[in-house]
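**Q** What follows is a single structure, and I will ask about it in a moment.
The values are calculated or read from the model by the stated rules, or taken from the named source; none is laboratory data. Computed from a predicted model, the values in this text were never measured in an experiment. Here the Cβ is made from the backbone with ideal geometry for all residues, glycine too, and neighbour counts use every protein chain on show.
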Amino acid sequence: MNERERQRLLDSTQRKSGTIGEEIPETVTVQGSEVDLREFVFECKRLEAVPDEERERIEEMERKLKRERLARKQRIADDDITYEEGERLVDVIRGLDRAINALEGLDSPSLSEELRRKRIRDAEKLLSLVEQAT
């Protein structure tokens, strides 16, 4: 692979839009261990709230995924690999990014939940104004 192709691949790992349409990999090897990544993420997303004991496990997985992402990016930058192998690494990196984003967003309420909370606050304000007026 020439340097221009290498740089194109590295640039594609930085694009924020790169994860759009990407799926979380079914499994991925992280630090030598096979991880059922998609199942792990979906299991975490099913939780109503993240308990403290699960939060620690999730944060550890996030750290591992970030290290694995960096290691794969380094392979693109430093190793003597083919362009096709680099493309496969970029695909895995995008899947890792997708999983990392999903895990980081667990504490954030969904848009529908935020709208529901806003409606409740607005209704409470309106009720308070009506009570003050009477």
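**Q** If residue 102 satisfies all but one of (1) at pLDDT below 90; (2) surrounded by 15 or more Cβ atoms within 10 Å (Cβ to Cβ); (3) touching a Leu at 6+ places or on another chain (Cβ under 7 Å), what's the number of the condition it fails?
**A** Failed condition: (3).
**Q** With within 21 Å of residue 1 (Cβ to Cβ) and without any contact (Cβ under 8 Å) to a residue 40 or more places away in the chain as the only criterion, which of 121, 63, 117, 75 stands out? I'd like the intermediate steps shown before the answer.
**A** On the way: 121 fails: within 21 Å of residue 1 (Cβ to Cβ); 63 fails: within 21 Å of residue 1 (Cβ to Cβ); 117 fails: within 21 Å of residue 1 (Cβ to Cβ).
After applying the criteria, what remains is 75.
**Q** Can you pull out the helices (runs of 4 or more DSSP H) entirely within segment 1-93 that have at least 1 residues that are within 16 Å of residue 103 (Cβ to Cβ) and at pLDDT 90 or above? So that I can check it myself, show each step before the final result.
**A** Details: elements: 3-12, 37-45, 52-78.
The qualifying helices (runs of 4 or more DSSP H) are 37-45, 52-78.
**Q** Write out, first by first residue and then by second, each pair whose Cβ atoms fall under 8 Å of each other, whose residues are 6+ apart or on separate chains, and whose first residue, in segment 30-44, is under 14 Å from residue 105 (Cα atoms) while the second is surrounded by 12 or more Cβ atoms within 10 Å (Cβ to Cβ) and β-branched (Val, Ile, Thr).
**A** 41/24; 44/50; 44/58
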